[in-house]
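The values are calculated or read from the model by the stated rules, or taken from the named source; none is laboratory data. Keep in mind that this is a model prediction, so the values were computed, not measured. In this analysis, Cβ positions are derived from the backbone assuming ideal geometry, glycine residues included, and neighbour counts consider all displayed protein chains. When the accessible area is computed, the model is the full protein with side chains, heavy atoms only, and any ligands, DNA or RNA have been set aside. Shrake-Rupley method; radii C 1.70, N 1.55, O 1.52, S 1.80 Å.
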Amino acid sequence: FVRYSVHLLYLKKFGQNEVLKGIDLSLKSNEILSILGSSGSGKSTLLRCIAKLENSQYDELRCGSNVGFMFQNYALFPHLSVYDNIAFALNKLSKKEADDKINELLAKFGIQGLKDKKPDQISGGQAQRVAFARAIAAGAKLLLLDEPFSNLDQGLKQALRVELKEMIQKEGLSAIVVTHDIDDAYYLSDKIALIDGGKILDIGTPNKLFYSVKDEKSAQMLGGLNYINSDLTSQDKFFDWIKSRNNIFAYSEIYMGGEFEANVISKSFIGLFYKIELEYKGIRFYTLWPSCLEISNSVKFGFYN
Ligand code: ADP
Ligand code: MG
């Protein structure tokens, strides 16, 4: 199988501003890697460096020769038709070859009927298919995507995530997706890398990253994790467990019923679950319990080992 990798010590400066430092990433063929980070953390710059749209210093950059790029909000050319948007990626082919390829792509993605439409005349889902067709038209094997779903409402986002993942898998591509949205990362990825201040903090499968989280910063980025920042010296079974988890554990690891007794500090109805803040011997933490249950002010709890 093919393996793509990016290794760099210092990579990218804008003037004195070191935007990227310490990047070490790799993915296998047919893998989707998400890079999750807040605004300004260097995600777009990293993607542009990988695509060689930006000059950078690196030790190693192995991405094959054919890289496709899907830009933020798809970035279709507003004045060009769907057909011409895709044709734009095929300017090295003869007119006839390009026409055959475009028609093949339009058919494959079920958008033949849209070929003369302009981007503002098609839906978000259709725009995604056009952008995808344009990105892979020249035969890309590695696809780079910059915040594909920013500015979309939640319902549409979810449908588009599913469709995007299917298209990537069906085409046998590898992909690197950058996003600030943890749900994009969870739904799309085989692996997630956390980026902060131009550095990769951690990388792993979603499950491993979440349940073996390294530090408070990573925990904040992933959400759904408690970080206990208080003295846990007193002799206590629950405290011992927390210490064994480096003071970080997930909301999901606390179950209802069990040998410990806690006060309910707050309780928010969030649909399927209550997000509940508990207090036990001076420490506070959250858990999620099914919202169909009755929750009193004092509850019993346990932890999964
Ligand atoms: P993200 O995509 O994670 O929001 P960016 O990669 O766009 O972050 O930006 C990372 C940092 O690099 C920011 O501090 C931004 O101001 C800076 N930066 C990005 N592009 C340029 C540029 N062309 N010139 C100067 N600074 C830039
Ligand atoms: Mg960006």
Margin query: Restricting to the range 79-103, name every residue that is part of a helix (DSSP H, G or I) and open to solvent by 90 Å² or more (accessible area, probe 1.4 Å).
Written below: 88, 95, 96, 97
Check: Only one residue in 139, 155 is part of a loop (DSSP other than H, G, I, E, B) and either touching a residue at least 24 places away in the same chain (Cβ under 8 Å) or over 23 Å from residue 4 (Cα atoms) (or both). Which one?
Finding: 139
Margin query: For the range 38-50, which positions are more than 9 Å from ligand 2 (Cβ to nearest atom) and crowded, with 16+ Cβ neighbours inside 10 Å?
Written below: 46, 48, 49, 50
Check: What about residue 111, is it more than 16 Å from ligand 2 (Cβ to nearest atom), open to solvent by less than 40 Å² (accessible area, probe 1.4 Å) and β-branched (Val, Ile, Thr)?
Finding: yes
Checklist line | Residue check for residue 183: buried (at least 16 other Cβ atoms within 10 Å of the Cβ) and of a type in the set (Asp, Glu) | finding: no
Notebook entry, point to check: In the list 76, 53, which residue meets the criterion of being away from ligand 2 (no atom under 16 Å from the Cβ) and open to solvent by 20 Å² or more (accessible area, probe 1.4 Å)?
Noted result: 76
Next item on the list: Can you give me the number of residues within the range 270-298 that are of a type outside the set (Ser, Thr, Tyr), free of Cβ contacts under 8 Å to residues at least 24 places away in the same chain and not in a strand (DSSP E or B)?
Entry: 5
Item checked: One residue from 44, 29 being more than 9 Å from ligand 1 (Cβ to nearest atom) and either more than 20 Å from the chain's Cα centre (by Cα) or touching a residue at least 40 places away in the same chain (Cβ under 8 Å) (or both) -> 29
Check: Among 173, 144, which is the only one that is more than 16 Å from ligand 1 (Cβ to nearest atom) and either more than 10 Å from the chain's Cα centre (by Cα) or open to solvent by 50 Å² or more (accessible area, probe 1.4 Å) (or both)?
Finding: 173
Item checked: Residue list for the range 159-172, restricted to those being in contact (Cβ under 8 Å) with a residue 40 or more places away in the chain and within 18 Å of residue 147 (Cβ to Cβ) -> 165, 167, 168
Next item on the list: Please find, among 139, 204, 155, 172, the residue that is more than 24 Å from residue 30 (Cβ to Cβ) and of a type outside the set (A, V, I, L, M, F, W, C).
Entry: 155
Item checked: helices (runs of 4 or more DSSP H) lying entirely in the range 192-267 (those with 3 or more residues that are aromatic (Phe, Trp, Tyr)) -> 237-244
